[in-house]
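A short write-up of the structure that comes next.
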Amino acid sequence: MSVVTVQLGQCGNQIGYEVFDTICRDLHNSQGFCCKRENEVYQASCKEHFFNEERSGVPVARALLIDMEPKVISQTLLKAARSGRWKYGQHSHFCQKQGSGNNWAYGYSVHGPKHEESIMNLIQKEVEKYDSLRGFSTIMSMAGGTGSGLGAFLTQNLRDAYPNSFIINQIIWPYGTGEVIVQNYNSILTLSHLYRSSDALLVHENDVVHKICAKLMNIKQISFRDVNQVIAHQLGSVFQPTYSSEGSCQYRRNPLGDLMASLVPHPEFKMLGLRNIPQMSENSLSYTTFAWTGLLKHLRQMLISNAKMEEGIDWQVRPPLLGLPALEKVPHNKESHFNTSIANLVILRGKDVHSADLGGFKDPALYTSWLQPSDAFSEWRTHRAFNKYEKSAALVSNSQFLLKPLDTVIGKAWNMFASKAYVHQYTKFGIEEEDFLDSFTVLEQVVASYCNL
Amino acid sequence: MAQSVVVQVGQCGNQIGRCFWDLALREHAAINKKGIYDDSLKNFFRNVDTRRNGDGVDISKGKIRSLKARAVLIDMEEGVVNEILQGPLKDIFDSKQLITNVSGSGNNWSVGYKVFGSQYRDQIVEKLRQTAEHCDCLQCFFIIHSMGGGTGSGLGTFILNVLEDEFPEVYRFVTSVFPSGEDDVITSPYNSVLAMKELNEHADCVLPIENESLFDIVSRINQMVTSGKPGTTVKPESLITLNEGGIKKKLQEKPFDTMNNIVGNLLLNLTSSARFEGSLNMDLNEITMNLVPFPQLHYLVSSLTPLYTLADVNVPPRRLDQMFSDAFSKDHQLIQADPKHSLYLACALLVRGNVQISDLRRNIERLKSALHFVSWNQEGWKTSLCSVPPVGHSHSLLALANNTCIKPTFIELKKRFTRLYKKKAHLHHYLQVDGMEESCFTEAVSSLSSLIESYNELDVTKGLPIHDPLRLNIVI
């Protein structure tokens, strides 16, 4: 029943904190738009998934904090303790004195093996607290050194040590520019390694979230905290309890497993993206009402036109007529390309949720030819509203949405690799040119596969 | 958190070191009001119970007892080091951290490197070891020296070698003051070129400084301060050249202190994100990782902004965006160079204070079209956000550029070296030192030439159309 969240590196720890805080605030939110009894069941289910109950009454997050440098962890622990709503476990963190220095090779080949035993013991101890373990959710950036390098190393170890548990990696995709210079190297090394050991990669693009902060949340001076809170909201909208089936009042026992079963039908395709509607500042929220028809119409168009938010959707994009040979589909770099899906999951929460019509997502034209819509599409409906939104929809999608960003990252890394710039920083710690080439090959394959849907 | 050790060598190195320690104490005093020895203080300082006998015992937590600088002070004369020991900073150093002599190196690199190097090697290693043993995670040595003289240049680069041998895992960051055109040391081109070879081969990263640039910055600030125009009163503690509020008193200011304070601030800002919290940290090891694409191209041109903050709060604060623009202007670089009109290999922006990621992104977007980046690193930006601003400011920026604009400095150095060397002027002073041969000179100058050539090769690509290399082809 339980999922262990593993927060890695500065980014992973900062976002992890926001996720638990969002979940907790949602639990105490009085506007659940449902009856008291229903709310209590929801709360109980959520606590069962994400928290350990402690004698003091303050819920303890089922999370481990891992970083190779102490500043972020001590701040994160403190912030959680100060919230009064929840906290981290007393012995749930591991840190060292010196970070990985944005070097994937250092995280993967030095910190990884050196601290393997301590970290795996820490995880083992956490797992032993639960009656049953469903899986792991890691939160990590792929730009730096610790989240990316150590994260890839640990994911491999988790796969070996817990072969029957699900592993989902929450990947923070760096801004296109301006964070870390070697981010494209670190990214291709991370992605290619995770592709071997993870069940699914749920991708959060900083550029997209930044735009959401600016356009939808109306924030003028955007801080990392703002960005992280939007990501936390999006994650909460997926992982907060959901009813296990239509009309049932039972909450899902294994949401992570169900999510994988719905969305990852083939191991070559495990890149997942997340879209939410509506998203707006709290001020505007109180003046707005929503209708399911409008929300879902937007969400569907966001999906097929590959818009990452509800502003600036291209309404011209239409599903291709069935029966046309694949060749006639427009190549992926064209702006108005139709975004073909492998599988989609729509999660609806809030008022009148049962009246919402999801027929538009069941059109066979939306999906690759080798899957029936009945297999490719899933819906989870829950009456209890989430995070102050009277009605909200989240779409988790396994589709071509990531082709362009992925292609760009590979292209930039390849450009740099052709000049051999920075490669010496990696070979110093045992990652050779061969390893880079392997990573490029794996990812070019992924691009080709998604291209040919 | 990891620790750093400062190794200040020669007259110039020790003068800058003195300014740095004064400013470091001032910075921590401003932030650490309760007098608690915390992790950020631990970076540069030990906390020692001096009432005990001997070396004193390190106290890891709790109240500050007696702070000791993690530093080794080396000079082959006694003047500057003695002044430090008799001055207001005397309590943070003790005799175990010093190595001095009375004879000086006579502005001769080979005396510093060969004679004093072999004579003092064991002592140097021992002092370094002692200092290192007080750290639980030693990350970086900061060497401060000048290139033109004998001790800083010769013994300084000798120590660089020793550090590589004895502490191969620890980073070596070197702050090098390059000689100016009208240097009064006639042999400075020899000393600098001989030292350059060592920097090329043994430093992880070098921050070159030129006194002319520091001098220009000081003059510009003086003009501003004395202009007397209404609304232009400057907050004295915000001046990048002054140590208002530090331990040293005005009367004790030395002529070079205003200039050296700039270098002190450079080192503080360079390490701020490693010492204090922030929403986007940058550890010291990230600097080399992001800014050094090829091992030898490790020279970083730095600029600090703003130079001061106006005192009158009614005057609208200098716009944040101006701070970013200034960082790229020729006037703010700590060497005589113009990064804007040369080729960037990589650029880091280390921001302190009340600045958010959206401010950073906006300014990068705004400025990047005016800058040239090498074809394979079109988006070569590294950034950090440290939430603690420097004393007297609400925000600040340190820009580090790996840029071909450093090349003219090296070419000029080579030219002046060749001018002397052609005439074999003063050569005998060097060759009479044991272990010095003419080949030392030829090897040093060819090392410099190949460095210049590396920058040339990059420079010729500037402005050329960019062709993306063919990607791997996947057969399905």
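If the condition is being assigned to a helix (DSSP H, G or I) and free of Cβ contacts under 8 Å to residues at least 60 places away in the same chain, then the range A:13-28 contributes only A:27. Scanning the range A:253-302 for residues that are under 17 Å from the mean Cα position of the chain (by Cα) and in a helix (DSSP H, G or I) yields a count of 9. Scanning the range A:187-222 for residues that are over 15 Å from residue A:307 (Cα atoms) and surrounded by fewer than 18 Cβ atoms within 10 Å (Cβ to Cβ) gives A:196, A:197, A:214, A:218, A:220, A:221. Residue B:169 passes every criterion in (1) open to solvent by 10 Å² or more (accessible area, probe 1.4 Å); (2) within 24 Å of residue B:105 (Cα to Cα) apart from (2). What number of residues in the range A:81-117 are surrounded by fewer than 19 Cβ atoms within 10 Å (Cβ to Cβ), over 22 Å from residue A:155 (Cβ atoms) and within 14 Å of another protein chain (Cβ to nearest Cβ)? Number satisfying all stated conditions: 1. The sole residue among B:419, B:471 that is within 14 Å of chain A (Cβ to nearest Cβ) and among the basic types (Lys, Arg) is B:471. Residues of the range A:118-146 being in a helix (DSSP H, G or I), closer than 16 Å to residue A:96 by Cα and open to solvent by less than 20 Å² (accessible area, probe 1.4 Å), which ones? A:119, A:146 - these are the residues of the range A:118-146 that are in a helix (DSSP H, G or I), closer than 16 Å to residue A:96 by Cα and open to solvent by less than 20 Å² (accessible area, probe 1.4 Å). Regarding residue B:14, is this residue assigned by the TED database to the domain that holds residue B:143, outside any helix (DSSP H, G or I) and either touching a His at 6+ places or on another chain (Cβ under 8 Å) or buried (at least 16 other Cβ atoms within 10 Å of the Cβ) (or both)? No; evaluated as a whole, the condition is false for this residue. Is it the case that the range A:160-174 has a residue that's open to solvent by less than 10 Å² (accessible area, probe 1.4 Å), facing chain B (nearest Cβ under 10 Å) and either over 24 Å from residue A:255 (Cβ atoms) or in contact (Cβ under 8 Å) with a residue 40 or more places away in the chain (or both)? No, the range A:160-174 contains no residue that is open to solvent by less than 10 Å² (accessible area, probe 1.4 Å), facing chain B (nearest Cβ under 10 Å) and either over 24 Å from residue A:255 (Cβ atoms) or in contact (Cβ under 8 Å) with a residue 40 or more places away in the chain (or both).
For the range B:276-298, a residue qualifies if it is under 17 Å from residue B:199 (Cβ atoms), open to solvent by 20 Å² or more (accessible area, probe 1.4 Å) and facing another protein chain (nearest Cβ under 8 Å), and the qualifying residues are B:294, B:295. Scan the range B:439-475 for residues that are within 26 Å of the chain's Cα centre (by Cα) and β-branched (Val, Ile, Thr) and the total you get is 2.
The helices (runs of 4 or more DSSP H) found wholly in the range A:147-223 and carrying at least 2 residues that are small (Gly, Ala, Ser) occupy A:151-161, A:183-197. Might you let me know whether the range B:446-460 holds any residue that is touching a strand residue (DSSP E or B) at 6+ places or on another chain (Cβ under 8 Å), open to solvent by 60 Å² or more (accessible area, probe 1.4 Å) and of a type in the set (Gly, Ala, Ser)? Within the range B:446-460, not a single residue is touching a strand residue (DSSP E or B) at 6+ places or on another chain (Cβ under 8 Å), open to solvent by 60 Å² or more (accessible area, probe 1.4 Å) and of a type in the set (Gly, Ala, Ser). Number of residues in the range A:425-453 that are within 7 Å of another protein chain (Cβ to nearest Cβ) and open to solvent by 50 Å² or more (accessible area, probe 1.4 Å) equals 3. Give me a count of the residues in the range A:332-390 that are open to solvent by 20 Å² or more (accessible area, probe 1.4 Å) and under 24 Å from residue A:40 (Cα atoms). Number satisfying all stated conditions: 10.
Quick one: which of B:358, B:302, B:329, B:369 is assigned by the TED database to the domain that holds residue B:141, of a type in the set (Ser, Thr, Tyr) and in contact (Cβ under 8 Å) with a residue 40 or more places away in the chain? Every option except B:302 fails the conditions. With respect to (1) at pLDDT below 95; (2) surrounded by 19 or more Cβ atoms within 10 Å (Cβ to Cβ); (3) over 19 Å from residue A:224 (Cβ atoms), the lone exception for residue B:358 is condition (3). Which residues, counting only those in the range B:1-46, are within 14 Å of the chain's Cα centre (by Cα) and either within 14 Å of chain A (Cβ to nearest Cβ) or not hydrophobic (A, V, I, L, M, F, W, C) (or both)? Across the range B:1-46, the qualifying residues are B:4, B:8, B:13, B:14, B:15, B:17, B:18.
The values are calculated or read from the model by the stated rules, or taken from the named source; none is laboratory data. Nothing here was measured: the structure is a model prediction, and the numbers come from that model. Neighbour counts run over all protein chains shown; Cβ positions are idealised from the backbone, glycine included. Only protein heavy atoms, including side chains, enter the accessible area calculation; ligands, DNA and RNA are left aside. Shrake-Rupley method; radii C 1.70, N 1.55, O 1.52, S 1.80 Å.
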